[in-house]
Each structure stands twice: as C-alpha cells, then as structure tokens.
Amino acid sequence: MYVCGVTPYDATHLGHAATYLAFDLIHRVWRDLGHRVDYVQNITDVDDPLLERAARDHQDWRALAARETAVFREDMSFLRVLPPRHHVGAVEAMALIIDMIAELVADGVAYRDDRSPHPDVYFDVDAGGPLGVVSGYETSAMLRLAAQGDGESRHPGRRRVLDPVIWRAHRDGEPAWESALGPGRPGWHVQCSAIARHFLGDRIDLAGGGRDLVFPHHDCSAAHVEALTGARPFAACWTHTGMVGLEGEKMSKSRGNLVLVSSLRARGVDAGAIRLALLDGHYRSDREWTEEHLRRAQRRLDRWRSAMTRPAGPPSGELAAAVRSRLADDLDTPGALAAVDGWADAALGGGDGDRSAPGEVGALVDALLGVAPR
Ligand code: 5CA
Ligand code: ZN
C-alpha cells in the first residue's frame, strides 16, 4: 500500500488526519485478516510550496521540513495511526528518484527542453501515456485543468501542455542535486512513482490519498511507472478520500482555514474523540468539521468506555462480526460505529451478561478502530 504523504511546510490539519485515518483503517483491517502489510508513505520534502513558504518566512527549507515532519509524526502517533513500514522523504530517496528519471529518458518517454535557459525534463505523455488511467478523464478535461496551472508559454521546449516536469533544472536560490541531466530537483509526481516502485515493486495492491490528488498527481505518477514496466494498472486499487472542509471550504494550507491536530492536542482533546468524529463520516464523502461533531464524538466515546468497563455485557461475537462486515463493505465506518453503539446500549442497559465481553469489545475497538478502550 502506497499512500501520498504530507508536504511538510505547515502543521497537520483535520483534513490530513481524516485521510490518514482512512488508510489506517485499511491497514488495520488487512492486518486483522492476517495479511502482512507493506505500507509505504512519502514525504514531499522538496517541492514548490515548501520552498515558497521557507523563502517567505526567511528560514532554511530543510529546517522547516524537518520540524513539520516531526510534528506530523507526533500528531499521527497521538492519533494512534499505525506507522507505515517505510516513511520516505524525497531528499533521502534522491538517488533512486534520479535513477528513475534517467530510465524514463533512456526509454524515450521523457525529453529535455534544450530550448529553454533552464533545460527542464518532461515526461512525454504521447510516448509514455496514456494519461488519465486513474482519473478516467478525457483529454479535453485534462487540458482544461492543466490550463488552470502554468501556461505553456513559459516552457518553450515543452511539447504538450500535459507533459509533466520530472526534473526541474537549477534556478538561482533553489536547491539542486547533480544528475546526468544537469543540476536540478525532481518534479512532484515522479517522487511518488520512484518511491512507490522502489519499495513495493512494479505492481501494487493499493495506492491513494485525498481526492484532490487524482489529477494530475496520480494520473502522472501512475503513467511514469506504467511507461517503464508496461504493467497496467500500477495499482490494482486506487483509493481516494473525500475532502474535509471548514465553513463550506476545503481545509487547506494554502487557504489557511485550518483546525490543527496539534491545537486540539494542546487543548487536551482525547485522540479517541477525534478519531470517532472523523470516522463518523464515510471516507469517500466530503465532510465538514465542526465543534459539534467533536462534542458528539466525545459523548459517544464516554458511553463506549463506560460500557467497556462494566463487569459484564452481551457476548462480543456478534458485534465483532458486525464491525468486521461493516468495515469490509468499503469501510462503512458509520455502520461500524453504530454497531458498537448498539452493544454499548445493551451493556449499559444492565442485566447479566458475559463477564469477558467488555474486555473483548475494548480489544476489538482498539485493534480495528484504533480507539483506546480507556
Ligand atoms: N505531499 C503531497 C502528496 S505526495 C500532498 O498532497 N501533501 S499535502 O500535505 O497537501 O496533503 C497530504 C494528504 O492529505 C494528501 O493525501 C491530501 O490529499 C490530503 N488532504 C489535503 N487536504 C485535505 C482535506 N481538506 N481533506 C482531506 N484530505 C486532505
Ligand atoms: Zn504523492
């Protein structure tokens, strides 16, 4: 499983958290089924937004990336997200990224813009495509979206507006690495292609991230790998999460409308309540974050914990089957949470029961939903 990681220039917000929680549940469900899960996640620790932020704040881009990566890891462990087996930054993976770029050029599916003073290297979508395998978009739609990005005019030797940059030639003030194509730094999409393929191989079971990454990021990163391997699709399952918003707008670092995991943490909010607030919506749907969601989740957590510390409760077997079946149905977390509610109601309703059930339910909720039983 390959999941697109953060660009570490600002702290983790609840949109990021929701996305990583969704993949955490996949990780947990697979482990529960007895699979050995190879989970790889990248860190985009050299790219335009990070460099721009570092320049704006007059700080060293490496220091910024290191600091925010550390906060991200703390936030994830606070939220009880099981860590990936490999969490790989582009900078540490530079040699293998450069190797992949060289391979794309050698295979004739990438070219260098020698007409520009900055000879960037592009992936040739005509030679190496098709592009759009992940999004399913028509070329016209991709062109429309690409036109909202940078215009062709600034890149005299770029053959098509859809050709993504894979190696950006050195500009003054930007970090650069040596390569056979001249000094520069890698494009964004190829970072993910190279890291995913290096650690997981030519074909993988699942790749994903938030739905904002479908195009161009995942279309391009899939196309890079597929051009080299001929094995299509690169990922058997592309999984995308919905966007978490605040007051009607997508929560994003560039808009600045953020609720940070670290601020909730500083307020003493329980990680279990944050998990339940985010898992109460389906991972694919766009959702709003409100304080009311959090309050409701905290009440639910309190109720579960009272039930899980009762001396007895209804036998756990039926609940375990229900939670597993809800999660197996495209991660129906609202259904899984409702099943636990039902058990908690019955346990708190009193009467005799099974004395091992509260402990078993605590372990189930811990393992599958990542919510600490107390
Ligand atoms: N570093 C790239 C991926 S290689 C990147 O998109 N980084 S990010 O920091 O912008 O986002 C990290 C992850 O959180 C991505 O999977 C992204 O799709 C997801 N994400 C960003 N904003 C939201 C949001 N508002 N709701 C849900 N997920 C989000
Ligand atoms: Zn990515």
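The values are calculated or read from the model by the stated rules, or taken from the named source; none is laboratory data. Source: prediction; values computed, not measured. Positions of Cβ are generated from backbone atoms using ideal geometry, with glycine treated the same way; all protein chains shown enter the neighbour counts. Keep in mind that these areas ignore ligands, DNA and RNA; they rest on the heavy atoms of the full protein, side chains included. Shrake-Rupley method; radii C 1.70, N 1.55, O 1.52, S 1.80 Å.
Return the residue satisfying two criteria in turn: it lies in region 281-295 and is closer than 15 Å to residue 23 by Cα and touching a helix residue (DSSP H, G or I) at 6+ places or on another chain (Cβ under 9 Å), and of such residues it is nearest to ligand 1 (Cβ to nearest atom).
Among those that are closer than 15 Å to residue 23 by Cα and touching a helix residue (DSSP H, G or I) at 6+ places or on another chain (Cβ under 9 Å), it is 283.
Name the pairs: first residue in region 347-369 and hydroxyl-bearing (Ser, Thr, Tyr), second residue surrounded by 20 or more Cβ atoms within 10 Å (Cβ to Cβ), Cβ to Cβ under 8 Å, at least 6 apart or on different chains?
Hits for this filter: 356/316.
Restricted to region 53-66, and to residues that are over 19 Å from the mean Cα position of the chain (by Cα) and in a helix (DSSP H, G or I), which residue is surrounded by the most Cβ atoms within 10 Å (Cβ to Cβ)?
61
With 24, 38, 45 as the choices, which residue is within 15 Å of ligand 1 (Cβ to nearest atom), in a loop (DSSP other than H, G, I, E, B) and of a type outside the set (Lys, Arg)?
The match here is 45.
Specify which of the listed residues (144, 168, 115) is open to solvent by 30 Å² or more (accessible area, probe 1.4 Å), modelled with pLDDT of 95 or more and basic (Lys, Arg).
Only one candidate passes the filter, namely 168.
Would you be able to tell me the number of residues in region 10-21 that are of a type in the set (Ser, Thr, Tyr) and near ligand 1 (Cβ under 8 Å from one of its atoms)?
Looking only at that region, the number is 2.
Filter region 1-15 down to the residues that are within 13 Å of ligand 2 (Cβ to nearest atom) and assigned to a helix (DSSP H, G or I) and list them by number.
none
Output the number of the condition that residue 346 fails; it satisfies all remaining conditions of (1) over 26 Å from residue 17 (Cβ atoms); (2) touching a Phe, Trp or Tyr at 6+ places or on another chain (Cβ under 8 Å).
Result: residue 346 passes all but (2).
Would you check which residues across region 222-233 are in contact with a strand residue (DSSP E or B) (Cβ under 8 Å, 6 or more places away or on another chain) and either within 10 Å of ligand 2 (Cβ to nearest atom) or open to solvent by less than 10 Å² (accessible area, probe 1.4 Å) (or both) and list them?
Selection gives 222, 223, 224.
Quick check on residue 88: is it in contact with a His (Cβ under 7 Å, 6 or more places away or on another chain), hydrophobic (A, V, I, L, M, F, W, C) and closer than 19 Å to residue 208 by Cβ?
No.
Could you count how many residues in region 343-362 are loosely packed, with under 14 Cβ neighbours inside 10 Å and under 20 Å from residue 279 (Cα atoms)?
Summing the residues that are loosely packed, with under 14 Cβ neighbours inside 10 Å and under 20 Å from residue 279 (Cα atoms) in region 343-362 gives 1.
Might you check whether a residue that is buried (at least 16 other Cβ atoms within 10 Å of the Cβ), more than 22 Å from residue 6 (Cα to Cα) and either in contact with a Cys (Cβ under 9 Å, 6 or more places away or on another chain) or of a type in the set (S, T, N, Q) (or both) occurs anywhere in region 285-308?
The answer is yes, given that some residue of region 285-308 is buried (at least 16 other Cβ atoms within 10 Å of the Cβ), more than 22 Å from residue 6 (Cα to Cα) and either in contact with a Cys (Cβ under 9 Å, 6 or more places away or on another chain) or of a type in the set (S, T, N, Q) (or both).
Looking at region 93-104, can you tell me whether even one residue there is at pLDDT 95 or above, surrounded by fewer than 22 Cβ atoms within 10 Å (Cβ to Cβ) and not aliphatic (A, V, I, L, M)?
yes
For region 190-210, enumerate the residues that are open to solvent by 40 Å² or more (accessible area, probe 1.4 Å) and either within 13 Å of ligand 2 (Cβ to nearest atom) or part of a strand (DSSP E or B) (or both).
The answer is 197, 205.
Can you find even one residue in region 256-278 that is open to solvent by less than 20 Å² (accessible area, probe 1.4 Å), within 14 Å of ligand 1 (Cβ to nearest atom) and not in a helix (DSSP H, G or I)?
Looking for residues that are open to solvent by less than 20 Å² (accessible area, probe 1.4 Å), within 14 Å of ligand 1 (Cβ to nearest atom) and not in a helix (DSSP H, G or I), one finds none in region 256-278, hence no.
If only one of 136, 182 is over 28 Å from residue 208 (Cβ atoms) and either open to solvent by 20 Å² or more (accessible area, probe 1.4 Å) or more than 29 Å from the chain's Cα centre (by Cα) (or both), which one is it?
182
Could you tell me whether residue 207 is small (Gly, Ala, Ser) and more than 15 Å from the chain's Cα centre (by Cα)?
Against the criterion (small (Gly, Ala, Ser) and more than 15 Å from the chain's Cα centre (by Cα)), residue 207 does not qualify.
Suppose the filter is surrounded by fewer than 22 Cβ atoms within 10 Å (Cβ to Cβ), at pLDDT 95 or above and out of contact with any Asp or Glu (no Cβ under 6 Å at 6 or more places or on another chain); does residue 45 pass it?
When the stated conditions are applied, residue 45 does not pass them.
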